[in-house]
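Engineer: My structure is below; once you've seen it, I'll send some questions.
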Amino acid sequence: MIGIPYAEALAHYQSTNSRDLKESDMATDELLRAFHPDYREDSLVTLRVGPNQGNRCHRQLAQLLQADARIDEADLAGATIVKTDVLVVGGGGAGCAAALMAEQSGARVIMATKLRLGDSNTVMAEGGIQASIEKGDTPQMHLDDTLKAGHDRGDRKLVAKMVMDAPDVIRWLIQQGMQFDLDEFGDLMTRRAGGTSADRVVYYRDYTGLEMMRALRESVRNSKIDVWDYSPVVELMSNESGHCAGAVISNLKDCSYVLIEAQSVILATGGIGRMHLNGFPTSNHFGATGDGLVLAYRLGAKLRDLDSFQYHPTGLAYPQHLAGTLITEGVRSAGAHLLNGKGERFVDELKTRDHVSAAILKECAEGRGVRVDENTAGVWLDTPGVERSNPGILAERMPKLVELGKKCGINPAQMPLLVYPTLHYQNGGVVIDEHGRSTVPGLYCVGEVSGGIHGRNRIMGNALLEIISFGRCAGQQAAEMSHGRGHKKVTIGHLSKLRRELAVAEMPMDVKGPMLFPECAKFEKDADYEGFRRKKR
Amino acid sequence: MSESDEKLVNVKIDGREITAPASLSAIQALWHAGYPRIKSVGCLEGVCGSCRVLVRRAGNSEVRTQLGCQTLIEEGMQVMFLVFPRPTHHTYKLEEINSSWEVQTKFHQIFPEASRCRECRGCNSSCPKGIDVMRGVELAAKGRFREAGELFVECVMCDLCLTACPELIAPNHVGLFSRRVTAYFHTRPSNLIRRLEGLQRGKFKVDE
Ligand SMILES: Cc1cc2nc3c(=O)[nH]c(=O)nc-3n(C[C@H](O)[C@H](O)[C@H](O)COP(=O)(O)OP(=O)(O)OC[C@H]3O[C@@H](n4cnc5c(N)ncnc54)[C@H](O)[C@@H]3O)c2cc1C
Ligand code: SF4
Ligand code: SF4
């Protein structure tokens, strides 16, 4: 990495007082094309197998979408079969909202999740959740902002549903026992997301996701929902007419397979951060390996925007063991500037995330970043500046940031943090309609696994909104649709077709999907799970 | 400052002798040494509460409970991963509390053990977030739920205090109950309510 050495850059930072903006004259489009990782030509391939054949897709994701399955019929001989009305896959916010609504609508619900209930991207969310509630704001403005930030590639119908539902989502969360930051009169406090026209993000400190997950988990635990921890889904199943009809679970506790037959399945498996696209660090949790995309695609569900990902501008760049850890956009909302190694501002910090990230990558590529070592560079996030103009704000509103500072041995009120873009969010995903239905009957997809709402770029707070809005709706729909339908035959028959297609396209058969766990965890080598991939026959 | 010239330390994690750079967490050290680990791993950021560990430091007989992703390894340190305890037996539904006047009565029905706290401080010393858990239980038992809940802002529901409590109080669930009833009965923001009314009256439309 080229750049200005750390000590020298720190001296520049300390001696510069002018924080005027000398923004480059590059237009957003041009900047993105030159510096945003989505536009790296060598990172894209054309899909050759499946419903999105012919579409552009990120190379690493394409490899998994066109991978062989982990199981075949022989593995399932003698496996236990369990029946339910609705199967929810994933224990994050979207899964909880869906499960709670399905149960409330009278369905028997099983929730199967890879790790523990609540291990998710949801619990990590910091900045907040969007809802147009302030006087000068309207759902229409919320819709316009969302579509515009997504470069007009979002699905208007989905966004319309979401923005109209937003205030009720907040009410529902309060009724689940979630707290929000309130002003002295008890009104919801709001802050502004980058690239938007009104203060619309409501939040709880910088622990919005933790607070949400605590409340939802407690609701789920106190309901009749049957929660299966450590139960990753390795394959979906379908019935004689191609409806999704359940899933194959691999029980990590006793290394056995269990078949869950369900009237409908709701996939809420979250994002892809741990695929480390283009070698970027990530802000995501351990289980964010894109499993849902692979599972749905194999069963024939159409996906979209597979070449568009969000790199959040402010991931921690240093120290190494914390690289990629998110610093909430709330810090920039509160007025923090980004400064290069010369101590200069180079971008309007509240532009959309893709723009700000590309601007940071540009500074680093052109040698104006702060250089730590041959692998690490970044720019300053001027947290002391925020503290100076608003004493006490960091401790009061951003306890998680202060904690993070402690781990780095830095007091963010006195020292700026070094940041670099981090792989944060999957903008696209499974194509859905307003009820969260995918193109495969009986298969719903909600939350980060779905696509269409954020176009090619998401604004802060719309993900948490989406997961609850669509989660609730899909849960209710799935419960209502599941009365009295029965399946004649439930199988993993779609895999024979998949294998034939893979063979015809001459795809390598040694890659297996879904990924389930990041490589660093050495899951494939784990003696405990030896029986897992290939059962002793 | 690159990884190669970082200080190496020797630790024992789940009985395995490991040598790894001092900047790594207990989980990262296991992975670094080539040992698999997926259970008890979650957000890797200290907010999901999954990676509960026992830690003993060199030359110190005290055993502490911490989060594995937040525990940086040190020379001579011993780390043991803990399994998760059975879920608490306390259950309740917010909708079954009819009004805010009933909260105290309900609380003592749901958490009868809370008023039997013996002030042993087991919960406080086991909490990796340094929460004054015992005080929270005391406040909740007195019906001061808002104040009790405030103490649990940083609680990650790791259940370490639940494991530690000899009276089976489930102190973290007491804390969460306190937070939840406060929102359920007292969060009534006028800006939100006004907008909900407007939406109901059809005042807001969007171009689809
Ligand atoms: C650090 C961070 C901060 C964020 N801050 C904000 C913010 O301030 N505002 C905002 O709107 N958004 C924010 N986001 C984005 C937002 O949190 C997520 O997009 C959203 O929470 C996703 O919810 P979800 O329920 O779809 O997925 P998740 O919450 O990730 O849940 C997915 C679940 O599925 C499970 N799963 C995965 N694969 C399988 C499988 N094969 N079988 C069974 N289960 C499986 C996982 O274990 C997990 O429990 C943030 C994200 C991160 C990472
Ligand atoms: S209060 Fe209990 S559950 Fe919460 S963080 Fe502390 S020990 Fe963990
Ligand atoms: S561990 Fe239980 S009994 Fe001991 S102080 Fe805490 S709440 Fe009271």
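None of the figures in this text is laboratory data; all of them are computed from the coordinates on show. Everything numeric here is computed off the predicted structure, so don't read it as measured data. Every residue, glycine among them, receives a Cβ derived from its backbone with ideal geometry; neighbour counts consider all protein chains shown.
Engineer: For the stretch A:430-516, state which GluC sites (Glu not before Pro) are in a DSSP loop and have at most 13 other beta carbons lying within 10 Å of their beta carbon. It would help to have the intermediate numbers written out before the result.
Structural biologist: Numbers: sites: A:434, A:448, A:466, A:480, A:501, A:506; in loops: A:434, A:506.
Passing both the DSSP loop test and the Cβ count: A:506.
Engineer: Taking the Cα atoms of the stretch B:3-81 alone, what are Rg (to one decimal) and Dmax (as a whole number) in Å?
Structural biologist: 11.7, 33
Engineer: Order of B:89, A:36 from fewest to most other C-beta atoms within 10 Å?
Structural biologist: Going from sparsest to densest Cβ surroundings: B:89, A:36.
Engineer: Rounded to the nearest 10 degrees, what's the angle between the helix A:6-15 long axis and the longest principal axis of chain A, both from Cα atoms, 0 to 90?
Structural biologist: For A:6-15 against chain A, the angle is about 50 degrees.
Engineer: Given R₀ = 41 Å, FRET efficiency for residue A:433-residue B:115 by Cβ-Cβ distance, to 0.05?
Structural biologist: Plugging the Cβ-Cβ distance into 1/(1 + (r/R0)^6) gives 0.20.
Engineer: Roughly how many nanometres apart are two label points built 7 Å out from the Cα toward the Cβ at residue B:168 and residue A:504?
Structural biologist: The answer from the label model is 6.2 nm.
Engineer: Can you give the FRET efficiency to the nearest 0.05 for residue B:19 and residue A:56, using r as the Cβ-Cβ distance and R₀ = 45 Å?
Structural biologist: Efficiency computed from Cβ-Cβ geometry: 0.50.
Engineer: Right, something else. Report the label-to-label distance for residue B:100 and residue B:132 in nanometres (one decimal), using points 7 Å from each Cα along the Cα→Cβ vector.
Structural biologist: Those two pseudo-labels are separated by 2.4 nm.
Engineer: Okay, next question. What 222 nm value per residue comes from the helices of chain A, counting each DSSP H run with n ≥ 4 as -39,500 (n - 2.57) and dividing by all residues, nearest 500 deg cm²/dmol?
Structural biologist: After summing the helix terms and dividing by the residues of chain A, the value is -9000 deg cm²/dmol.
Engineer: Explain nothing, just compute: Karplus ³J(HN,Hα) = 6.51 cos²θ - 1.76 cosθ + 1.60, θ = phi - 60°, for every residue of the stretch A:153-160 in order, whole Hz, x for Gly and Pro.
Structural biologist: Values per residue, Gly and Pro as x: 10, x, 8, 4, 4, 5, 5, 4 Hz.
Engineer: In cubic angstrom, how much convex hull volume per residue do the alpha carbon atoms of the stretch A:36-103 span? The partial results should precede the final answer.
Structural biologist: Working: hull volume 11.3 nm³, N = 68.
Convex hull volume per residue, Cα atoms: 166 Å³.
Engineer: Between residue B:88 and residue A:74, what is the FRET efficiency for a Förster distance of 25 Å, r being their Cβ-Cβ separation, to the nearest 0.05?
Structural biologist: 0.05
Engineer: Most exposed first by the Cβ proxy, i.e. fewest other Cβ within 10 Å, how do A:212, A:398 rank? Provide the component values of the computation, followed by the final result.
Structural biologist: Numbers: A:212 27, A:398 24.
Result, fewest neighbours first: A:398, A:212.
Engineer: Let me have the relative contact order for chain A, percent, based on Cα pairs under 8 Å that are six or more residues apart.
Structural biologist: Once divided by the residue count of chain A, the mean separation gives 27 percent.
Engineer: Of the GluC sites (Glu not before Pro) in the stretch A:121-211, which ones lie in a loop per DSSP and count no more than 11 other C-beta atoms within 10 Å?
Structural biologist: In loop regions of the stretch A:121-211 (DSSP not H, G, I, E or B), the sparsely surrounded GluC sites (Glu not before Pro) are A:184.
Engineer: Further question: Kirkwood hydrodynamic radius of the stretch B:94-200 from all distinct Cα pairs, in Å?
Structural biologist: The Cα-based Kirkwood calculation yields 14.5 Å.
Engineer: Follow-up question, since we're still on this one. Using only the C-alpha atoms of chain B, find the volume of their convex hull and express it per residue in Å³.
Structural biologist: Measuring per residue, one finds 205 Å³ for the Cα hull of chain B.
Engineer: A follow-up question, please. To the nearest 10 degrees, how steeply does helix A:139-149 sit against the main Cα axis of chain A, on a 0 to 90 scale?
Structural biologist: Result, in degrees: 80.
Engineer: Hand me the trypsin sites (Lys or Arg not before Pro) from the stretch A:212-247 located in a DSSP loop with no more than 11 other Cβ atoms within 10 Å, in residue order please.
Structural biologist: Filter output for the stretch A:212-247: A:224.
Engineer: Looking at the protein assembly as shown, what % of its DSSP beta bridges pair antiparallel, to the nearest 5?
Structural biologist: 65 percent
Engineer: Okay, next question. Amide H to amide H, which residues 5 or more places from residue B:50 or on other chains are under 5 Å from it, using H placed in the peptide plane?
Structural biologist: B:43
Engineer: For the stretch A:77-210, what ratio Rg/Rh do Cα atoms give with a Kirkwood hydrodynamic radius?
Structural biologist: On the way: Rg = 17.7 Å, Rh = 16.9 Å.
A ratio of 1.04.
Engineer: Right, something else. If you consider only alpha-carbon coordinates, what radius of gyration and Dmax does chain A have, in Å?
Structural biologist: That works out to 23.0, 75 Å for Rg and Dmax.
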